[in-house]
1. What pairs can you find where one residue is in the stretch 266-284 and closer than 25 Å to Ile41 by Cβ, the other is of a type in the set (Asp, Glu) and not in a helix (DSSP H, G or I), and their Cβ atoms are less than 8 Å apart, with a gap of 6+ or different chains?
2. If a residue must be touching a helix residue (DSSP H, G or I) at 6+ places or on another chain (Cβ under 6 Å) and open to solvent by 10 Å² or more (accessible area, probe 1.4 Å), how many such residues does the stretch 159-174 contain?
3. For the list (1) in contact (Cβ under 8 Å) with a residue 24 or more places away in the chain; (2) of a type outside the set (A, V, I, L, M, F, W, C); (3) in contact with a Ser or Thr (Cβ under 7 Å, 6 or more places away or on another chain), I need the number of the one condition that Pro223 fails.
4. With the stretch 188-284 as the region, which strands (runs of 3 or more DSSP E) entirely inside it contain at least 1 residues that are surrounded by fewer than 15 Cβ atoms within 10 Å (Cβ to Cβ)?
5. Would you check if there is a residue in the stretch 121-128 being acidic (Asp, Glu) and touching a helix residue (DSSP H, G or I) at 6+ places or on another chain (Cβ under 7 Å)?
6. Which residue out of Tyr283, Tyr238 is more than 18 Å from the chain's Cα centre (by Cα), of a type in the set (Phe, Trp, Tyr) and more than 14 Å from Glu187 (Cβ to Cβ)?
7. When you scan the stretch 109-120, do you find a residue that is closer than 28 Å to Phe219 by Cα and either out of contact with any His (no Cβ under 7 Å at 6 or more places or on another chain) or not in a helix (DSSP H, G or I) (or both), even just one?
8. Can you run down the residue pairs with Cβ atoms below 7 Å, 6 or more apart or on separate chains, where the first is in the stretch 91-115 and more than 21 Å from Leu160 (Cα to Cα) and the partner is outside any helix (DSSP H, G or I)?
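The values are calculated or read from the model by the stated rules, or taken from the named source; none is laboratory data. Note that this is a predicted model, so its numbers are computed, not measured. Don't worry about glycine lacking a Cβ; one is built from the backbone with ideal geometry, like all the others, and counts go over all protein chains shown. Surface accessibility is based on the protein's heavy atoms, side chains included, excluding ligands, DNA and RNA. Shrake-Rupley method; radii C 1.70, N 1.55, O 1.52, S 1.80 Å.
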Amino acid sequence: MPEPKVPPPSQPQRSESREIAELRRLKQEQPDLGAAADLQIELLQLQRRVQSRVSLPSIRLEKDWINSQLASAPVLHFEHLPLEWGELRFLLRATASAMRSHGALEEKDFRRIEVLCRDSDRLPVVVRSWYEAPKAGAPPIHADGAGLESVLVEAMKPFLTRSADAIMAKSDFAGWTRGTCPLCAGEPEFAVITPAADRVLICGRCLARWRFHQVTCPFCLNPNRDRITSFASRDGQYRLYACDECERYLKAFDARRASRPVMPSVDGVATLPLDAAAIQKGYK
């Protein structure tokens, strides 16, 4: 009688990141957020495939030099980014595919990404224009990238966050008082209220963090507390600050009552009901 075949040992699975574990937990606790959580999980998995291979930015990683550049911020120029165009093309295509399959990207925009990735001359022009568009006085994003910002920001995350992490390890931007990111000029997409009750803004592009006034609107710099509307999630874990001058809003994670650190990829999904409430009240 022949001996039974022994199956080959299974390959050890790569452990999931804490963000993905939290998103899976969020899906179980709030099934209505399941579709958004699934998309975010897929995007994080794609970004993680590339993240470990991303180099450091070509910038002087010295505290005094970085702080000296704040006067002419943004500190991180396009030339400093550790871009690898093959990896970026993969991320653009895979991100667009994931977003399309989850209903977050129209078919025509998916095809635009495909065309852009095949054009080795035009792609760098479009990516540079997207990156530099938030800078004061810069032209708007190239026409071939207009409407594709949601794909570009996710595909560029591994390169931008790698650069931001390296720079933040050397400086806390203590002298920075503006509402835009000192590294890439992006706008804040989230905030965290620290245990000391400081408000720290988090860039929506590179995830850099910097302290900002507790009440002032980072978008229009309205300092009038009476013109800021604030409300909280049911569990008190999140707050939303809406400006009655520019009608924009910013969500915040309250670390004073949290058992984990802020995780923008998770907290952005968890606060979708706050987005709906703000939009219903006329904010944007």
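1. Matching pairs, first to second residue: Gly268/Glu189.
2. Qualifying residue count, the stretch 159-174: 1.
3. The number of the failed condition is (1).
4. Output list reads 228-232.
5. no
6. After ruling out the rest, the residue left standing is Tyr283.
7. Checked against the condition, which is being closer than 28 Å to Phe219 by Cα and either out of contact with any His (no Cβ under 7 Å at 6 or more places or on another chain) or not in a helix (DSSP H, G or I) (or both), the stretch 109-120 yields no hits at all.
8. Once the first residue is more than 21 Å from Leu160 (Cα to Cα) and sits in the stretch 91-115, its partners that are outside any helix (DSSP H, G or I) give Asp109/Gly147; Asp109/Leu148; Arg112/Leu148.
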